[in-house]
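The values are calculated or read from the model by the stated rules, or taken from the named source; none is laboratory data. What you see is a predicted model, and the numbers here were worked out from it, not measured in a lab. All Cβ positions, glycine included, derive from the backbone under ideal geometry; neighbour counts span all protein chains shown. What goes into the accessible areas is simple: the full protein's heavy atoms, side chains included, and nothing from ligands, DNA or RNA. Shrake-Rupley method; radii C 1.70, N 1.55, O 1.52, S 1.80 Å.
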Amino acid sequence: MDSTILLFLLQDGLTNGAIYALLGLALVLVFAVTRVIFVPQGEFVAYGGLTFALLEAGKLPGTAYMVVAFGAAAFAMELVSRRRELAARLVAREAAFKLGLPLAILFLAKAVVAAQPGAVVNLVLTIAIVAPIGPYLYRVAFQPIADASVLVLLITAVGVHLAMTGIGLVFFGAEGLRAPPISSAVLPVGPIVVTGQNLGIYAITAALIVALYLFFGRTITGKALRATAINRIGARLVGIRLALSGRIAFTLAAVIGAVSGVLIVPMTTLYYDTGFLVGLKGFVAAIIGGLVSYPLTAAAALLVGVVEAFASFHASDWKEVIVFTLLLPVLLIRSWTDPHSDEEE
Amino acid sequence: MSALLAVEHLSVAYGRVEAVSDVSLSVAPGEIVTVIGANGAGKSTLLNAAMGLLPARGRVVFDGSDIGSVEAEDRVALGLCLVAEKRELFGAMTVEDNLILGAFRTGRSLAAETLAEVFARFPRLRERRAQLAGTLSGGERQMLAMGRALMSRPRLLMLDEPSLGLAPKVVADIFAIIRDLRATGVAILLVEQNARAALNAADRAYVMELGRIGLEGPASELASDPRIAESYLGLGG
Ligand SMILES: Nc1ncnc2c1ncn2[C@@H]1O[C@H](COP(=O)(O)OP(=O)(O)OP(=O)(O)O)[C@@H](O)[C@H]1O
Ligand SMILES: [Mg+2]
C-alpha cells in the first residue's frame with residue numbers, strides 16, 4: 001500500500017468518522033438525559049438525507065406530511081394524558097405546538113419546493129421538517145414510560161426503530177436516493193484531493209460540536225439538561241421538568257441526525273433503512289465512550305471511521321464485522337478497569 | 001392565620017410497608033415548625049411526599065389549593081422547596097451553576113439578584129463558586145444545598161436534617177440562618193436529629209414515632225416535656 005492510498009483511506013475514514021462522531025454525541029446526550037439507548041438515531045439520518053435529496057430534486061418529501069402525523073399523534077397523547085386538567089389555554093398551546101407548527105412547516109415546504117431556492121435553504125428546511133419529529137416521538141413513545149428501567153426503555157427504542165423504518169418505507173418508498181454534492185469544488189492537497197463535500201462535512205461537524213459545547217456550557221437550558229443527566233431528583237427539586245429535558249434532548253438528536261443525513265446523502269445512496277447501520281457505527285463510538293464521555297466518543301468515532309475505511313480496502317466483505325469487533329476489546333478493558341456499580345448519585 | 005402548608009391524613013408506603021401513616025400537620029406563613037423523631041420514624045418520607053417526590057394518599061394543601069396532582073417540579077414554582085436529606089446536588093457542575101439552576105423557575109433578572117443575596121449569606125460559596133460541587137466538604141455541601149434552595153425564592157422551605165454531620169460551630173450558623181430566613185418571611189418545616197436545637201429554633205413541633213405523629217404542641221412546651229427529654233434530648237432515663 002503506497003502513501004497515496006494511505007492518505008486517501010485516512011481521509012475517507014475521517015470523513016465518515018466525523019459523521020459517526022455527530023451520531024455518537026447524540027446517543028450520549030439522549031442516554032445521559034433520558035436513559036434511552038436511542039436505537040432509532042439512524043432513522044433520523046435516513047429521514048434527513050432523503051428529505052434533502054428530494055428537496056434538491058424539486059420534490060415535496062414525504063416527511064413534510066409525516067411531521068404532521070407525528071404532531072397529531074403527540075397532540076392526542078397529550079390530551080389523553082392530561083384529560084383531568086384540560087383548559088382552553090392548555091389545549092390552545094398544545095394545538096399550536098403539535099398541530100399548527102407541523103402544518104406551517106408543511107406549507108413552508110410546499111412553498112420552498114415551488115420556489116427552488118437552493119441547497120442552503122433546503123438544508124435549513126430539512127432540519128425544520130425532521131427536528132420536530134424528535135420531541136413528538138419522545139411524547140408518544142418515551143415520556144409515558146420515562147421512569148421505566150433502562151432495559152424497558154431499550155426494548156421500546158428497538159420497537160420505535162422498527163416502526164420508524166416501516167414509516168420510512170411508507171413515506172419514501174423502497175427506492176434509494178442520492179443528492180448532488182454541497183459544493184463541487186476540489187482542493188488538491190499533496191497527492192490526494194479534498195472535495196468541497198469533505199470540507200463541508202468537517203466544517204459543519206466542527207460547527208455543531210462547538211455549538212453543542214456552548215449550549216451546554218453557557219445557556220441555562222443546556223445546564224438544565226446537564227443537571228438532569230447528573231441528578232434527576234436534584235433536577236426535579238429545582239423545578240426542571242424531566243419531560244422538557246427529554247423533549248430538548250430528542251430535538252437535538254433529531255437535528256443532529258438530519259444534518260448527518262444531509263451530509264452523507266451526496267456521498268452514498270440512502271435507502272429508507274440505511275440509517276440503522278450508520279447509527280450503529282455512532283453507537284460503537286458511544287459505547288467506547290462509555291455512554292458518558294463526549295470527547296472520548298468523538299475520538300472513538302474517528303477511529304471507527306478510519307478502521308472502517310481500511311477494513312473496506314483490505315477486506316470489504318468483512319468491514320462491518322471488523323468495525324463491530326472493535327467493541328470486544330473495549331468492553332473487556334472496561335469491565336476490568338471500572339468495576340460495575342449501580343450507584344445513582 | 002390560615003396555613004401555608006397543610007398535610008392532611010397523609011400515608012406513604014414503600015411497596016406494602018407503610019412508612020408514614022395518617023399524618024396531619026400544618027405550617028403557617030412565617031412559622032418555623034419542626035418534626036423530630038428517631039431514625040426510621042418516617043420524617044424524610046414525609047417531606048419527600050409533601051414535595052411530590054413520592055406517591056401518597058391523603059391531601060397536601062399549599063396556600064389554599066390542593067396540590068396533590070401537581071408534579072414536584074411545579075411545586076417549586078409555587079414556592080415550595082425541599083433540601084433533601086441526600087442534598088441531590090449536581091456534583092459534576094460548579095457551585096455557581098448549581099446555584100443558578102436553583103433559580104431555574106424564577107426568571108433571569110431575579111436570579112442575579114438572589115445570587116448576590118445567597119453569596120452574602122454564604123461567603124464561603126462565593127469563594128468556591130468555580131469549584132465542582134462534588135469536591136466540596138460536607139459542610140460546604142450543606143451550605144450549597146441550602147443556597148440552591150434559596151435561589152428558588154421559596155415561601156416554604158423544607159429542610160431535612162440541615163445540621164447533619166456538621167461541626168457545632170457550623171450547626172449554630174445554620175440555625176442562625178434559619179431564624180434569619182424566618183425574619184424575611186420564609187416559613188420553615190425542619191426535620192432534625194438535633195432535637196434540642198430544633199426545638200429552640202421552632203415555634204411548634206411534632207414528634208414522629210413509627211410513621212405517626214405522637215405528640216405535638218408549642219416547641220417550648222415540648223422542650224420541657226419529660227417524655228421528650230427522655231427519648232430525644234438525652235436527659236433523664
Ligand atoms: N426507598 C425505600 N424503600 C423501602 N423502604 C424505605 C425506603 N426509604 C425509606 N424506607 C423505610 O421507611 C422508613 C422511614 O424512613 P425515613 O427515611 O423516612 O426515616 P427518617 O425518619 O427520615 O429517619 P432518619 O432520621 O434516619 O433520617 C424506614 O423504616 C426506612 O427503612
Ligand atoms: Mg431522614
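Can you tell which of B:107, B:79, B:102 is more than 17 Å from residue B:137 (Cα to Cα) and in contact with a Pro (Cβ under 6 Å, 6 or more places away or on another chain)?
The conditions single out B:79.
Only one of these conditions is not met by residue B:52: (1) away from ligand 1 (no atom under 16 Å from the Cβ); (2) under 18 Å from residue B:187 (Cβ atoms); (3) within 14 Å of chain A (Cβ to nearest Cβ). Which number is it?
Every listed condition holds for residue B:52 apart from (1).
Considering only residues that are in contact with a Gly (Cβ under 7 Å, 6 or more places away or on another chain) and at pLDDT below 95, look in segment B:156-166 and name the one that is farthest from ligand 1 (Cβ to nearest atom).
Selected residue: B:166.
Go through segment B:100-125 residue by residue and tally those that are open to solvent by less than 50 Å² (accessible area, probe 1.4 Å) and within 14 Å of chain A (Cβ to nearest Cβ).
Number satisfying all stated conditions: 10.
Applying the selection to segment A:232-247, what residues are open to solvent by 10 Å² or more (accessible area, probe 1.4 Å) and within 7 Å of chain B (Cβ to nearest Cβ)?
Within segment A:232-247, A:233, A:236, A:241 qualify.
When you go through (1) over 30 Å from residue B:153 (Cα atoms); (2) in contact with a helix residue (DSSP H, G or I) (Cβ under 8 Å, 6 or more places away or on another chain) one by one for residue A:316, which number turns out not to apply?
Going through the list (1) over 30 Å from residue B:153 (Cα atoms); (2) in contact with a helix residue (DSSP H, G or I) (Cβ under 8 Å, 6 or more places away or on another chain), residue A:316 breaks only (2).
Determine which single condition residue B:64 fails, assuming it passes every other condition in (1) open to solvent by less than 50 Å² (accessible area, probe 1.4 Å); (2) touching a residue at least 40 places away in the same chain (Cβ under 8 Å); (3) more than 11 Å from chain A (Cβ to nearest Cβ).
Exception for residue B:64: condition (1).
For the structure I just gave you, tell me whether residue B:16 is touching a His at 6+ places or on another chain (Cβ under 8 Å), surrounded by fewer than 17 Cβ atoms within 10 Å (Cβ to Cβ) and at negative phi.
When the stated conditions are applied, residue B:16 does not pass them.
How many of the residues making up segment A:26-61 are open to solvent by 10 Å² or more (accessible area, probe 1.4 Å), in contact with a strand residue (DSSP E or B) (Cβ under 9 Å, 6 or more places away or on another chain) and among the small types (Gly, Ala, Ser)?
1
Count, please, the residues in segment A:40-96 that happen to be touching a residue at least 12 places away in the same chain (Cβ under 8 Å), within 16 Å of residue A:143 (Cβ to Cβ) and either among the acidic types (Asp, Glu) or within 14 Å of chain B (Cβ to nearest Cβ) (or both).
Residues that pass the stated criteria total 3.
When you scan segment A:8-20, do you find a residue that is aliphatic (A, V, I, L, M), under 18 Å from residue A:277 (Cβ atoms) and part of a helix (DSSP H, G or I), even just one?
Checked against the condition, which is being aliphatic (A, V, I, L, M), under 18 Å from residue A:277 (Cβ atoms) and part of a helix (DSSP H, G or I), segment A:8-20 yields at least one hit.
I need the full set of residues from segment A:132-188 which are assigned to a strand (DSSP E or B) and in contact (Cβ under 8 Å) with a residue 40 or more places away in the chain, in order please.
A:177
Report, by residue number, each residue of segment B:156-173 that is more than 16 Å from ligand 2 (Cβ to nearest atom), surrounded by fewer than 20 Cβ atoms within 10 Å (Cβ to Cβ) and either under 12 Å from the mean Cα position of the chain (by Cα) or among the aliphatic types (A, V, I, L, M) (or both).
Result: B:167, B:170, B:171, B:172.
Give me the residue from segment A:207-231 that is away from every other protein chain (no Cβ under 14 Å) and in contact (Cβ under 8 Å) with a residue 60 or more places away in the chain and, out of that set, farthest from residue A:3 (Cα to Cα).
A:212
Quick check: is even one residue across segment A:87-97 surrounded by fewer than 24 Cβ atoms within 10 Å (Cβ to Cβ), under 21 Å from the mean Cα position of the chain (by Cα) and in a helix (DSSP H, G or I)?
No; the residues of segment A:87-97 include none that is surrounded by fewer than 24 Cβ atoms within 10 Å (Cβ to Cβ), under 21 Å from the mean Cα position of the chain (by Cα) and in a helix (DSSP H, G or I).
Restricted to segment B:179-214, and to residues that are over 15 Å from residue B:47 (Cβ atoms) and of a type in the set (Val, Ile, Thr), which residue is nearest to ligand 1 (Cβ to nearest atom)?
Filtering segment B:179-214 for residues that are over 15 Å from residue B:47 (Cβ atoms) and of a type in the set (Val, Ile, Thr), the one nearest to ligand 1 (Cβ to nearest atom) comes out as B:207.
Counting only residues that are polar (S, T, N, Q) and modelled with pLDDT of 95 or more, which one in segment B:55-106 is nearest to ligand 2 (Cβ to nearest atom)?
Per the criteria, the residue is B:98.
Among the candidates B:44, B:26, single out the residue that is hydroxyl-bearing (Ser, Thr, Tyr) and within 16 Å of ligand 2 (Cβ to nearest atom).
Answer to the selection: B:44.
Could you check segment B:73-87 and list, in sequence order, the residues that are within 16 Å of residue B:145 (Cβ to Cβ) and either within 16 Å of ligand 1 (Cβ to nearest atom) or among the basic types (Lys, Arg) (or both)?
Of everything in segment B:73-87, those that are within 16 Å of residue B:145 (Cβ to Cβ) and either within 16 Å of ligand 1 (Cβ to nearest atom) or among the basic types (Lys, Arg) (or both) turn out to be B:82, B:83, B:84, B:85, B:86, B:87.
With respect to residue A:114, is the statement that it is surrounded by fewer than 12 Cβ atoms within 10 Å (Cβ to Cβ), assigned to a helix (DSSP H, G or I) and aliphatic (A, V, I, L, M) true?
Judged against the criteria, residue A:114 is a match.
Residues that are closer than 28 Å to residue B:227 by Cβ: which strands (runs of 3 or more DSSP E) entirely in segment B:1-106 hold 1 or more of them?
Ranges flagged: B:5-14, B:17-27, B:32-37, B:57-62.
Would you confirm, using the coordinates I've provided, whether residue B:3 is open to solvent by 20 Å² or more (accessible area, probe 1.4 Å), over 26 Å from residue A:82 (Cα atoms) and either under 14 Å from the mean Cα position of the chain (by Cα) or within 12 Å of ligand 1 (Cβ to nearest atom) (or both)?
No.
Restricting to segment A:132-162, count the residues that are within 24 Å of residue A:268 (Cα to Cα) and open to solvent by 50 Å² or more (accessible area, probe 1.4 Å).
1
Which one is most open to solvent (accessible area, probe 1.4 Å) among residues in segment B:68-99 that are of a type in the set (A, V, I, L, M) and more than 7 Å from every other protein chain (Cβ to nearest Cβ)?
Residue satisfying both the conditions and the ranking: B:78.
Given the structure, is residue B:178 away from ligand 2 (no atom under 16 Å from the Cβ), crowded, with 23+ Cβ neighbours inside 10 Å, assigned to a helix (DSSP H, G or I) and among the β-branched types (Val, Ile, Thr)?
Spelling it out, residue B:178 is indeed away from ligand 2 (no atom under 16 Å from the Cβ), crowded, with 23+ Cβ neighbours inside 10 Å, assigned to a helix (DSSP H, G or I) and among the β-branched types (Val, Ile, Thr).
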